[in-house]
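Accompanying notes for the structure given below.
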């Protein structure tokens, strides 16, 4: 079947001869009305390296208007919004909002496409500095998705990614970290561009470090994404994360000393070393000390706590009270005898070392239970006689 060359495709062929094969596919599928194949080919073509830079924004928009838009009614609605998202990415935020606005009605009847369109709008509102509007839209949409039935992981991931972008712009590291962890839970690592992984891993790790209320680093340390830090300019942050994950002051002091220049060149971390990082490290050291103590031996002296948590003797009581208020431990403070009796430690995700420690305790408990059983069996005849 003879194919009529599209002027837009001809312009693309002239501008990007290296994409000849892909352009020929677009030409073939559009001429033969193979719209499913055309959809997949377009999603791939729109992500071609020559079209990704901000400098290609005008060209990408021209290609969208001249070739992609006429097929809107032929495409799956979800795929259509995905194409729209790719085209919007390099555009100025205000221009992107103007671009997506006319398509609201066309996706209204497709639940998943509507969700994606609203998420895209909120994302661009965030980039445009319209934070209140973006937050309101994401809050309403989040509640609707929570109550909906079988929402695909793709939509859950995009929702959390949009929330993370909003919290990042609003400088709310705790919320950014929570949204980012949920984003990673719904997102296969392979779908995150390789070149974006180190920076994303660093931003999530830095947010966890400076968030005053975040004390659980186990979930982050188990993320596959962190492996992308190795060999990158951000590899040093793993030493800090490991120190917080293990609750060891020696690791923390070593990381701060070794990477002081890197920390000082990162404003959010530099400002937080003494105000957030060190106090959090004190609390994590307290948790780790209490966790490693057998349950019947969790009577910690003020002197022991001061030495282990690197605080002055007069600051021990304040550290313990703050840790209790934060829900990290439960117990009682004996001011007279200067003893802290810890009855509960906040559960954390266990690494292999802590799992081995729990196994040893279970083995010890099993042995004690066996001895008690033997003792009761020995006493049984006496009890029956009496």
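The values are calculated or read from the model by the stated rules, or taken from the named source; none is laboratory data. Everything numeric here is computed off the predicted structure, so don't read it as measured data. Every residue, glycine among them, receives a Cβ derived from its backbone with ideal geometry; neighbour counts consider all protein chains shown.
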For this session: Taking residue 1 as the residue in question, decide whether it is over 25 Å from residue 117 (Cα atoms) and either over 35 Å from the mean Cα position of the chain (by Cα) or at pLDDT 95 or above (or both).
Result: yes
For this session: Considering only segment 188-203, state which residues are within 13 Å of the chain's Cα centre (by Cα), surrounded by fewer than 16 Cβ atoms within 10 Å (Cβ to Cβ) and outside any helix (DSSP H, G or I).
Result: 188
Problem set entry | Of residues in segment 239-254 being surrounded by fewer than 21 Cβ atoms within 10 Å (Cβ to Cβ) and free of Cβ contacts under 8 Å to residues at least 40 places away in the same chain, the one nearest to the chain's Cα centre (by Cα) | 242
Problem set entry | helices (runs of 4 or more DSSP H) contained in segment 68-185 and holding at least 3 residues within 25 Å of residue 201 (Cα to Cα) | 77-88, 111-127, 131-147, 153-169
Exercise. If you check 65, 76, 139, 110, which single one turns out to be surrounded by fewer than 18 Cβ atoms within 10 Å (Cβ to Cβ) and modelled with pLDDT under 95?
Worked result: 65
Seminar exercise, completed: Residues of segment 150-184 being farther than 25 Å from residue 269 by Cβ and either surrounded by fewer than 15 Cβ atoms within 10 Å (Cβ to Cβ) or in contact with a strand residue (DSSP E or B) (Cβ under 8 Å, 6 or more places away or on another chain) (or both), in sequence order, are 150, 152, 153
Exercise. Any residue in segment 9-23 that is touching a residue at least 60 places away in the same chain (Cβ under 8 Å), more than 32 Å from the chain's Cα centre (by Cα), buried (at least 18 other Cβ atoms within 10 Å of the Cβ) and closer than 26 Å to residue 98 by Cβ?
Worked result: no
Exercise. Of the residues 244, 252, which is modelled with pLDDT of 95 or more, assigned to a helix (DSSP H, G or I), in the same structural domain as residue 216 (by TED's automatic domain parsing) and under 15 Å from residue 311 (Cβ atoms)?
Worked result: 252
Seminar exercise, completed: Residue hits (segment 204-224; surrounded by fewer than 19 Cβ atoms within 10 Å (Cβ to Cβ) and part of a helix (DSSP H, G or I)) are 218, 219, 221, 224
Exercise. Any idea which of (1) without any contact (Cβ under 8 Å) to a residue 60 or more places away in the chain; (2) more than 25 Å from residue 162 (Cβ to Cβ) is the one residue 90 doesn't satisfy?
Worked result: (2)
